[in-house]
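Here is the structure we will look at.
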Amino acid sequence: MVPPVSQPVATPGIAPAEPTPPSWGQTLRVYLEAATLRMLLLGFSAGLPLLLVFGTLSFWLREAGINRTTIGYLSWVGLAYGFKWVWAPLVDRLPIPLLTRWLGRRRSWLLLSQCVIMAALVGMALTDPQQALLPMVWCALAVAVGSATQDIALDAFRIESADTQRQAALAASYQTGYRIAMIWAGAGVLWIAARAEVTPALGAASYQHGAWQAAYLVMAASMLLGMVTVLFSPEPKAVEMPRAHNAAEWLQGALIEPFADFLRRYGRQAVLILMLIAVYRISDVVMGIMANPFYVDMGFTKDEVAAVTKIYGVIMTLVGAFVGGALAMRLGVMRVLMLGAALSAASNLLFAWLGTRGHDLTALVWVISADNLASGIASAAFIAYLSGLTNVNYSATQYALFSSMMLLLPKFLAGYSGAFVDAYDYPTFFIGTALLGVPVLLLVWLASRHAAPPAGR
């Protein structure tokens, strides 16, 4: 366990000294605690579905001949993440018959959502988008809803599993598992699909549905890791909720009170906080929808994309996540938020430069290195920031509100990304996404000027 930060001793007539920050050894030992290691495995379960319905799916669809405008519109499936606050109160309060009695409130919802994700991934694997695109869309939507529900329960599980001091470390561990899953859901899918291809006859089309089918079935089976982790993890200590005597009282406690609590604690500052949350990741999210179609159109092969963007790039993100988590504990979250926002916007300019290079593998390595390092730093700091805003009595609902707002506007704008690229070009698109990050810097600066009241714990 990490020793508590030493407290200053009050002496009459003398101002108390500032609390002594933990040493680097104490800071790093938190990563070996059981709660942190569990979050590594559960982060894998959370990260697996995301690319399979966005990034990797866009590569599959582009290779299948689906146009970029359609691919952009299909990214609106991700709006399920933006509206998860609607059903977050149910995840926070509603028991699942039999399952909740067996596993507890958090673990029962985790296991149910993981089962939905696995079944929907199997449905995607069995669907050929060249033959019927609509069934693919419905299955992808089911994956997104299941994944969003898993995020609601997992965010609450994480927040309730440790005190405020350890949230940055848990966030970094979560991000590590998340990014490892993204290697598997990105590079793993492309590697499996490439190996499962049957050498086509001379002149035959390169797209083969059977190869993608095999890859997605393996991804569905990979959800078993998260399911086993849930079964062997302890349920966090339940927070006592006021007993509702009728439906109106239940709605008051489950739906209205979590939002009212946030507004009471932050007052007018709540508007500024919500604006920052709504746009903090806008540069990355809007750009990310067109990343895989960009690689396909630049002539990069599955193996090249898998090696550079899905393995090496994700490793750089892991480095960034640990750096961001450690810096947040040492320097404070707001300073690292500013650093992450600046780096994330600036790195998109490198993609604009890459778009002028054509098939240049060395340039791709350098661009992915910088972009993913920036993304890791920003993500770790942002998750720690959101975690610190929540009240443990309403952790699932409040965190779902924050993380939903984080994606709602960016995902909506991202739906038009394909049409923008078709109308203009990739370099112009990437420059535009970098400019979207400029207002974020102002909002972080404004938010850092106001001291936030502590969340209830």
Dipole moment magnitude, nearest 20 debye, the range 24-448 about Cα centre, only Lys, Arg, Asp, Glu C-beta charged:
880
Once normalised by the length of the range 24-448, the mean sequence separation of its alpha carbon contacts under 8 Å that are 6 or more apart gives a contact order in percent of 28
A correct fewest-to-most ranking of LYS411, LYS84 by other Cβ atoms within 10 Å would be LYS411, LYS84
Please list, in order along the range 141-149, the HN-Hα scalar couplings obtained from phi with the Karplus expression 6.51 cos²θ - 1.76 cosθ + 1.60 (θ = phi - 60°), rounded to whole Hz, x for Gly and Pro.
5, 5, 4, 5, 5, x, 5, 4, 5
Whole-Hz couplings from phi, Karplus 6.51/-1.76/1.60, listed for the range 66-83; x for Gly and Pro:
6, 6, 5, 4, 5, 4, x, 5, 5, 5, 5, 3, x, 5, 4, 5, x, 10
Through the Karplus equation 6.51 cos²θ - 1.76 cosθ + 1.60, θ set to phi - 60°, convert the phi angles of the range 292-300 into ³J(HN,Hα) values in whole Hz; use x for Gly and Pro.
5, x, 4, 5, 4, 5, 7, x, 6
When all C-alpha to C-alpha distances in the range 24-448 are sorted into bins of 10 Å, what percent of pairs does each bin hold, rounded to whole numbers?
5, 22, 33, 26, 11, 2, 0, 0
Partners for LYS411 among aspartates and glutamates (Cα-Cα distance below 15 Å; same-chain residues under 8 apart left out)
ASP284
Quote the charge dipole size of the range 37-107 about the Cα centre in Debye, to the nearest 20; the model charges only the Cβ of Lys and Arg (+1) and of Asp and Glu (-1).
360
In the neighbourhood of PRO427 defined by beta carbon distances under 13 Å, the net charge of the other residues (Lys, Arg +1; Asp, Glu -1) is -1
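Each value in this text was obtained by applying a stated rule to the coordinates, not by laboratory testing. Remember, predicted model here, so these are calculated numbers, not experimental data. Cβ atoms come from the backbone with ideal geometry, glycine included; neighbour counts cover every protein chain shown.
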